[in-house]
Amino acid sequence: MESGGKVHPDCINASNPHHECVEYCFKRIAEAKSRADEIVEENKESLKEPKERTVHPDCINASNPFHECSEYCFKRIAEAKDRIERNESGMQQEDGIPSSFSGSHQSDAPLEQKQTEQLNDGGDAHCVQDDTVSGNPNLTEKQKKLFELRLKMNEARKANQMAMVAEKKKMEAPAETRGISKQKWLDERKKKIGKLLDSNGLDMSKAYMLDTQETAQAKYKKWEKDPAPYGWDVFNQKTLYNAHKKRTKNIECDMEAYNKAKEADPEFYREASSLQYGKATKVPEENIDRMVKELQDRDAKRKSFSRRRKFHEEKDIDSINDRNEHFNKKIERAFGKYTLEIKNNLERGTALPD
């Protein structure tokens with residue numbers, strides 16, 4: 001084991017760019033390798049295919065290389081053969097065929113087909129379904145009806161189980177999301193990180209060592225990103241100029257056509273004293289269409305933006321629409337502490353005259 005490098009390739013934290021392997025890491029790697037070798041040695045015998053097996057050729061599990069027939073298998077094979085003989089003899093007597101032909105007919109039919117026929121009474125729905133779909137004439141009307149009833153029972157059982165699961169989900173309380181209690185989510189996350197740090201022999205100051213490479217890169221990008229404007233900074237000149245650059249970044253500009261128009265018109269940049277002030281310049285239709293498309297895209301983006309608000313069902317409804325609800329919130333924020341006692345008296349009925 002090489003201990004000269006900073007990070008061992010078999011370490012679970014090798015993808016973390018801030019991680020450096022210590023003695024604890026090498027100890028864990030050695031324990032994991034020894035445990036893997038022990039598991040391989042223990043399962044070496046069980047993974048080998050048995051050389052000598054006792055398998056009946058008519059057993060339904062004969063294709064399994066690890067299967068060995070037991071007393072139960074031989075009993076099932078004998079019962080299947082007996083049931084096939086009884087069914088065929090009964091069918092031949094009903095059709096008027098002598099029973100002497102039953103032996104030759106039985107020997108000609110393949111054993112797999114006979115097993116599927118006798119499983120009508122045993123409950124194997126898949127095999128019977130194949131025979132029914134293919135139109136096997138060996139099935140009687142009673143057997144076909146029994147098979148259809150079993151299919152209906154299976155469908156009803158499955159529907160009942162799905163209904164029970166749906167009802168259980170409705171009865172159980174919904175899981176608390178991050179938006180409802182952010183502090184609780186942070187506390188649980190801090191506990192999980194603390195357990196991982198304790199198991200690796202680290203303290204909370206080195207929690208960054210648990211981050212993967214992708215998580216670390218995402219954090220770096222977030223730190224390098226300029227913060228969004230807040231408060232009155234939203235309306236200052238710098239913010240408006242940055243918004244203008246962001247809008248014009250996606251618009252293509254043809255500098256050759258711009259320079260040609262500038263050279264052709266001496267008053268391309270007009271002043272207030274110009275005689276052509278207020279006169280519309282000649283603008284190509286392509287530029288107008290491009291400007292209209294940018295405005296439409298901006299309008300569509302503004303409409304698609306929405307910030308989800310919290311909705312509490314237990315809260316009293318005191319508004320007639322969304323706009324009135326927003327106005328009531330502003331009034332409550334400004335004057336709620338002064339009108340609280342009056343509202344409580346009205347709720348109790350003590351403020352009403354006798």
*DSSP-loop GluC sites (Glu not before Pro) across the range 258-335, with at most 16 other Cβ within 10 angstrom*: Glu267, Glu271, Glu313, Glu314
*Which whole-Hz couplings ³J(HN,Hα) result when phi for each residue of the range 219-227 is put into the Karplus expression 6.51 cos²θ - 1.76 cosθ + 1.60, θ = phi - 60°, listed in order with x for Gly and Pro?*
5, 4, 5, 5, 6, 6, 6, 5, x
*If you plug each phi of the range 76-83 into the Karplus form 6.51 cos²θ - 1.76 cosθ + 1.60 with θ = phi - 60°, what whole-Hz ³J(HN,Hα) values come out, in order, with x for Gly and Pro?*
5, 5, 5, 5, 5, 5, 4, 5
*From largest accessible area down, sort Met209, Met204, Met164; use a 1.4 Å probe on the protein chains.*
Met164, Met204, Met209
_Regarding the range 187-331, what's the average projected area of the Cα-atom convex hull, expressed in nm²?_
18.8
_Sites matching trypsin sites (Lys or Arg not before Pro) across the range 6-37 that sit in DSSP coil, with at most 13 neighbouring C-beta atoms within 10 Å_ = Lys6
*Within the range 195-270, report the trypsin sites (Lys or Arg not before Pro) that DSSP leaves as loop and that have at most 11 other Cβ atoms within 10 Å.*
Lys225, Lys249
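The values are calculated or read from the model by the stated rules, or taken from the named source; none is laboratory data. All values derive from a computational prediction rather than experimental measurement. Every residue, glycine among them, receives a Cβ derived from its backbone with ideal geometry; neighbour counts consider all protein chains shown. Ligands, DNA and RNA are stripped out before the accessible areas are found, and what is left, the full protein with its side chains, is counted by its heavy atoms. Shrake-Rupley method; radii C 1.70, N 1.55, O 1.52, S 1.80 Å.
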